[in-house]
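Here the structure comes first, spelled out in structure tokens, and everything after it is commentary.
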Amino acid sequence: MSLPAVVKVVPGRTVFFVCDLQTRFRAAIHGFSDVISTASKMLKVAKVLDVPVVFTEQNSRALGSTVPELDVESLGPLYLGAIEKTLFSMLTPEVKSLLKERNFKSVVLFGIEAIARVRPAINSRSP
């Protein structure tokens, strides 16, 4: 498998994807508080660099919503929403549509369930 080259974060062309940082994972993920701390820092970076942010939530009825420690309201218009999903990939039809509409060319992925969520999103990306 060949991954895309590392590129610069270009405001207006880059979006941050936050993967499944949900309340029910708190007890199940080792080092969850560290993951949340890192994600909080990434959200601050998004504000500084003016990069929009999309959250995904896997089956939120069962797994809860995004943890409250992540201050999505502080993102203001950079917060593009939390997208419900049942796919293992973050690249749902709704996310694909958002990428196309906004002409995003690069994505910064972070969160949990990396093997189950992030890698399939990379593998299923549109050319």
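For segment 37-59, which residues satisfy the criterion of being without any contact (Cβ under 8 Å) to a residue 40 or more places away in the chain and buried (at least 18 other Cβ atoms within 10 Å of the Cβ)? The answer is L43, A46, V53, F55, E57.
Quick one: L49 ticks every box in (1) at pLDDT below 90; (2) in contact with a Pro (Cβ under 7 Å, 6 or more places away or on another chain); (3) not basic (K, R) bar one, so which box is it? Condition (1) is where L49 drops out. Evaluation of K100 against the conditions (1) assigned to a helix (DSSP H, G or I); (2) at pLDDT below 85; (3) more than 29 Å from A27 (Cα to Cα) shows that the sole unmet condition is (2).
Restricting to segment 30-69, name every residue that is of a type in the set (S, T, Y) and outside any loop (DSSP other than H, G, I, E, B). Break it down into steps so the answer makes sense when it comes.
The initial filter retains those residues of segment 30-69 that are of a type in the set (S, T, Y), namely 33, 37-38, 40, 56, 60, 65-66.
The answer is S33, S37, T38, S40, T56, S60, T66.
Looking across segment 70-97, the residues that are without any contact (Cβ under 8 Å) to a residue 60 or more places away in the chain, surrounded by 14 or more Cβ atoms within 10 Å (Cβ to Cβ), outside any helix (DSSP H, G or I) and not small (G, A, S) come down to L70, Y79, I83, E84, K85, L87, F88, L91, T92.
V10 satisfies every condition listed in (1) modelled with pLDDT of 90 or more; (2) surrounded by fewer than 17 Cβ atoms within 10 Å (Cβ to Cβ); (3) aliphatic (A, V, I, L, M) except (1).
The values are calculated or read from the model by the stated rules, or taken from the named source; none is laboratory data. It should be emphasised that the depicted structure is a prediction, and the values quoted were computed from it without experimental measurement. Because the Cβ atoms are built from the backbone with ideal geometry, glycine has one as well, and the counts that use them run over all protein chains shown.
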